[in-house]
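Peer 1: Dropping a structure here in structure tokens format, bear with me for questions.
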Amino acid sequence: MLQRAAAFAPSNIALTKYWGKRDHTLNLPLAPSLSVTLAELGTLTVVAPNPELAEDVMMVDDQELDPAGMAKVRRVLDAIRLRAGSQVKAGLRSVNTVPTARGLASSASAFAALAVAASKAYGLELSERELSVLARSGSGSAARSVAGGYVLWHAGESADGSDSYAERVFDGEHWPLKILVAVVADQKKKVSSTQGMKMNAAGTSPLFRAWIDQCQRDVVACQNALRDKNMRALAEVVEGNALAMHATMMANRPPLLYWQAPTVALIHAVRRLRDEGAECCFTIDAGSSVVVLCEPQDARAVSDELASVPGIEEVLQTRVGGGARLVGDAG
Ligand code: DP6
């Protein structure tokens with residue numbers, strides 16, 4: 001049965017990163033990665049199958065989605081329609097509560113919301129693993145936005161990607177950290193993660209192979225630090241992993257440099273705060289903004305300190321959240 005359906009999916013921030021693919025069409029990673037799911041920040045998507053439409057159409061934050069974005073959306077929709085035995089096109093509308101394209105992964109929440117809403121709209125009952133695989137085919141990191149809490153994305157080995165999915169390893173209550181996003185004033189980022197990963201594929205950066213090997217070890221160390229709720233150990237692996245990813249990008253030819261001056265100032269601020277006793281650590285995605293994880297009792301002081309760094313537009317505060325879900329109002 002075809003029906004209008006709506007879903008919300010949260011954004012996620014990788015604690016150990018996905019940066020390198022073994023398949024650029026299916027978004028199959030070369031290494032596993034681990035992330036934390038953000039409460040509140042994410043994407044709400046409505047999917048309305050409509051037999052009168054000749055093509056799928058999608059509005060994102062009241063603007064029509066560009067052809068490159070639409071091609072990725074169609075890939076997910078076509079996979080769903082194939083399983084559902086339907087050829088009916090759909091009208092889609094989505095609203096982001098994440099600042100788009102600032103290095104905060106809005107594509108992750110977008111494709112997770114799409115997978116959940118569209119599978120319901122086309123009458124499929126899919127498992128979380130199947131939804132994760134579907135979301136991944138739109139954007140790799142979206143595989144991790146289906147589950148909530150602390151999430152592990154298995155790299156998988158199969159060529160069709162059926163074993164490359166994400167699942168929760170700890171729920172948010174296990175370690176209810178606060179998550180601060182220090183948004184650096186910047187123009188929209190110029191090189192998307194998809195483009196960046198293509199540029200940074202094996203061979204163009206002398207550090208790339210070593211980076212992928214490091215990810216295999218980091219994901220284990222990160223999971224242990226989370227299990228033990230050990231901030232010192234978490235800081236070592238999370239900061240080391242993010243810096244290694246950016247080092248790999250910077251060593252690329254041509255180089256990929258996402259940082260702005262305030263990005264570096266934020267790194268120093270977090271290290272100083274930790275030296276002074278605050279339980280916190282930072283990470284940075286493919287952008288200039290800095291994400292800081294901290295213990296709830298330190299959140300106020302850390303947030304104030306981040307906000308005082310020149311060039312910071314705002315500091316968003318959130319916590320570890322639940323996974324993607326259908327929402328009642330599809331209107
Ligand atoms: C730096 O998932 O946006 O945020 O698979 O090409 O859509 P595509 O890339 P995307 O890459 C995210 C890269 C990252 C690290 C991470 O989230 O693990």
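Peer 1: Could you tell me which helices of the chain pass both thresholds, a Cα extent of 18 Å or more along their own axis and a mean Kyte-Doolittle hydropathy of at least 1.0, with helices taken as whole DSSP H runs?
Peer 2: Passing helices, by number: 106-121.
Peer 1: To continue, here is another question. Anyone know which of 206, 310, 67 comes out most mobile in the 10 Å Cα GNM of the chain?
Peer 2: Ranking 206, 310, 67 by mean-square fluctuation puts 67 first.
Peer 1: Here's a follow-up. Going by how many other Cβ atoms sit within 10 Å of their own, how do 267, 179 line up, fewest first?
Peer 2: Ordered by Cβ neighbours within 10 Å, fewest first: 267, 179.
Peer 1: What is the set of long-range amide H partners of residue 42 at a cut-off below 5 Å, with H atoms built 1.01 Å from backbone N?
Peer 2: Under 5 Å from the amide H of residue 42 lie the amide H atoms of 11, 97, 98, each far enough along the sequence or on another chain.
Peer 1: Work out from phi, with θ = phi - 60° and the Karplus expression 6.51 cos²θ - 1.76 cosθ + 1.60, the ³J(HN,Hα) of each residue of the range 38-51, listed in order in whole Hz, and give x for Gly and Pro.
Peer 2: 8, 6, 6, 6, x, 9, 10, 10, 10, 10, 10, x, 8, x
Peer 1: Please list, or write none, the aspartates and glutamates whose alpha carbon is within less than 13 Å of the alpha carbon of residue 229, excluding same-chain residues fewer than 8 places away.
Peer 2: 171, 173, 279, 295
Peer 1: With contacts defined as alpha carbon pairs under 8 Å and 6 or more residues apart, what's the relative contact order of the chain in percent?
Peer 2: Relative contact order for the chain comes out at 25 percent.
Peer 1: Additional query: Within straight cross-link reach of residue 190, meaning Cα distance under 30 Å, which lysines are found once same-chain residues fewer than 8 apart are removed?
Peer 2: Result set, ordered by chain and number: 17, 21, 72, 178, 198.
Peer 1: Which whole-number percent gives the relative contact order of the range 5-174, counting Cα pairs below 8 Å spaced six or more residues apart?
Peer 2: 28
Peer 1: While we're looking at this one, here's another question. I need the shape label for the range 178-319. Rule: rounded when a/c is under 1.5, else prolate if a/b > b/c, else oblate, with a, b, c from the alpha carbon gyration tensor.
Peer 2: oblate
Peer 1: When only DSSP loop residues count, what GluC sites (Glu not before Pro) in the range 34-133 have their Cβ near at most 10 other Cβ atoms within 10 Å?
Peer 2: 52, 55, 125
Peer 1: Another one. Could you work out the local net charge near residue 130, counting Lys and Arg as +1, Asp and Glu as -1, over the other residues with Cβ closer than 14 Å to its Cβ?
Peer 2: -1
Any read-out appearing in this document is the output of simple, stated calculations on the displayed coordinates, not a laboratory observation. Every value quoted in this text rests on a predicted model; they were computed, and no experiment measured them. Counting neighbours? That spans all protein chains shown, and the Cβs are built from the backbone with ideal geometry, glycine included.
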